[in-house]
Amino acid sequence: MATVTVSEDLASSLQERVQGVVIHPGHPDYESARALYNAMIDKRPRAIARCVDAGDVIACVRFARETGIDVAIRGGGHNGPGLGSVDDGLVIDLQAMRGVIVDPGAKTARVLGGSLAGDVDHATHAFGLAAPFGIIATTGVGGLTLGGGLGNLTRKLGLSIDNLLALDVVLADGSFVRASEDENEDLFWALRGGGGNFGVVTAFTFRLSPLATVVAGPTLWPLERAEEILLPEELWLKKVCGVLWCWAGSEEDADEAFRPVRELRPELDGIMPMPFPVLNAAFDGLYPPGDQWYWRADFFDRISDAAVEAHVEFAHRLPTPKSTMHLYPVDGAASRVGPDDTAWAYRDAKWGQVMVGVDPDPAKADELKEWTVAYWEALHPHSMGGAYVNMMMEEGDERIRATYRGNYERLAEIKRKYDPDNLFHVNQNIAPA
Ligand SMILES: Cc1cc2nc3c(=O)[nH]c(=O)nc-3n(C[C@H](O)[C@H](O)[C@H](O)COP(=O)(O)OP(=O)(O)OC[C@H]3O[C@@H](n4cnc5c(N)ncnc54)[C@H](O)[C@@H]3O)c2cc1C
């Protein structure tokens, strides 16, 4: 009871300064407000501030400085290790800050910091425009973009960060700045891959590209054919290997582009023209919030025969129907940006690989972890050494350094300039130099 009282006092004193609601453990919405996408993570913050504007965010940052309370920044809440929340701390929750304003003439979109990828797809599609995000529409633009942003359009348009023009940021001292090619360039560099280490982004400005329809969809093969290369009823709940395609070129050229794929006689060919937002939301139903998730990742520049053997072995040991392994291509437009042009260091990778154990049943948590870790350990020796920061659990400082490679020291210097006391440390943390 004492904790609740302390939390209530803290929450009510913060509530005097912010317009959005501040939720504490005694609040009727506390359980739903603290729930994260990954139900394996169970955190109990002292207060969750549902910010409605940059003014609220500034008030929260100042409050955290004054009280010394730990701070987490929550965008879409999709983070694997649950870094959008913090035990016994304050969550700066941006869920109420969702909104997208498209400028069709300039081909740009201004996106509020708590928006979801699907919000941007919806708003931009009406104008025949798009920006690249991930493969699930309910993921937060905030966390996904600040970590890089791999997805269906990586080859065509690059990472999400490669389409960023500017960010509005509340810094650790409570000041508000803009970061772009012309303003606070060092911060702009660091925010493009460095995650939530440098401030709270209250708005993103993205460049948009003309794209309305894609020729896209899955092709699936039985697992037995994995060495060689998801559903009609005969494949339901069977283990399969598959490719999810996204042809962002002209529809006329699509048949020719897919000819080599069809020569491999997939058992399911679901490729068809579709509005781009349909592709991005195609798997939202399969992976709703509230499942148990455990994932591990690495970058690869080639997939060796030994790696394929290990993939097949672990596919046969798949612990649950929702568990999977994904290989995200990193080449094309994403590879035409230099390794130190942004904080995102693996421009020479060909694949971002993630193996993920998923199931609705909390009793399966250990099994999911064991399979994922054993699978990762078998593949890691074949990798380039580091992983995509958005697809890691909390794996320690060495793994974070491996993510940023040669860019780590510069990131640590920029962290020292903008957040010398490491106020924003609930993240894949880059300690100030
Ligand atoms: C089902 C699923 C599918 C996914 N698919 C993809 C994919 O296709 N491509 C891909 O690249 N990633 C993908 N991811 C990974 C995703 O990018 C990360 O989980 C990311 O952290 C989610 O961002 P969020 O805002 O939803 O998370 P949150 O948990 O809300 O936040 C995660 C972290 O991001 C930071 N953060 C979030 N918003 C802000 C902000 N406005 N300002 C400052 N910091 C902020 C904070 O440091 C926070 O700790 C997927 C994740 C899931 C669960």
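The values are calculated or read from the model by the stated rules, or taken from the named source; none is laboratory data. Since we're looking at a predicted model, the values are computed, not measured. Please note: Cβ atoms are built from the backbone with ideal geometry, for glycine as well, and neighbour counts cover all protein chains shown. For accessibility, only protein heavy atoms count, side chains too; no ligands or nucleic acids. Shrake-Rupley method; radii C 1.70, N 1.55, O 1.52, S 1.80 Å.
A few comments on the model shown:
- Segment 7-122, Cα convex hull volume normalised per residue, Å³: 108 Å³
- Three-way shape call for the chain based on the alpha-carbon gyration tensor, with the a/c threshold at 1.5: prolate
- Charged side chains reduced to their Cβ positions (Lys and Arg at +1, Asp and Glu at -1) give the chain a dipole of some 440 debye around its Cα centre.
- Of Lys43/Lys239; Lys239/Lys350; Lys364/Lys415; Lys43/Lys238; Lys107/Lys350, pairs whose Cα-Cα distance is over 32 Å: Lys43/Lys239; Lys364/Lys415; Lys43/Lys238
- Calculated translational diffusion coefficient of segment 193-352 (20 °C, 1.002 mPa s; Stokes-Einstein with Kirkwood radius over alpha-carbon pairs) equals 116 µm²/s.
- Taking θ as phi - 60° and the Karplus parameters 6.51, -1.76 and 1.60, the scalar couplings of segment 8-20 work out to 5, 4, 4, 5, 6, 6, 5, 4, 5, 9, 10, 7, x Hz in sequence order, x denoting glycine and proline.
- Simple Cβ-charge dipole of segment 156-229, Lys/Arg +1 and Asp/Glu -1, about Cα centre, in debye nearest 20: 280 debye
- Farthest positive-ward along the chain dipole, Cα basis, beta-carbon charges - from Leu146, Pro266, Ile41: Leu146
- Of the residues Gln292, Phe314, Leu279, the one whose Cα sits farthest toward the positive end of the charge dipole of segment 276-323, with +1 on the Cβ of Lys and Arg and -1 on the Cβ of Asp and Glu, is Gln292.
- Probe 1.4 Å - accessible area at Ser335, Å² to nearest ten: 50 Å²
- Convex hull volume of the C-alpha atoms in segment 60-148, normalised per residue: 104 Å³.
- Mean ellipticity per residue at 222 nm, deg cm²/dmol - from DSSP H runs of n ≥ 4 across the chain, formula -39500 (n - 2.57): -8500 deg cm²/dmol
- Using θ = phi - 60° and Karplus 6.51 cos²θ - 1.76 cosθ + 1.60, couplings along segment 366-378 (whole Hz; Gly, Pro as x): 5, 4, 5, 5, 4, 4, 5, 5, 4, 4, 4, 4, 5
- Rounded to the nearest 20 debye, dipole of segment 270-400 from Cβ charges on Lys, Arg, Asp, Glu: 400 debye
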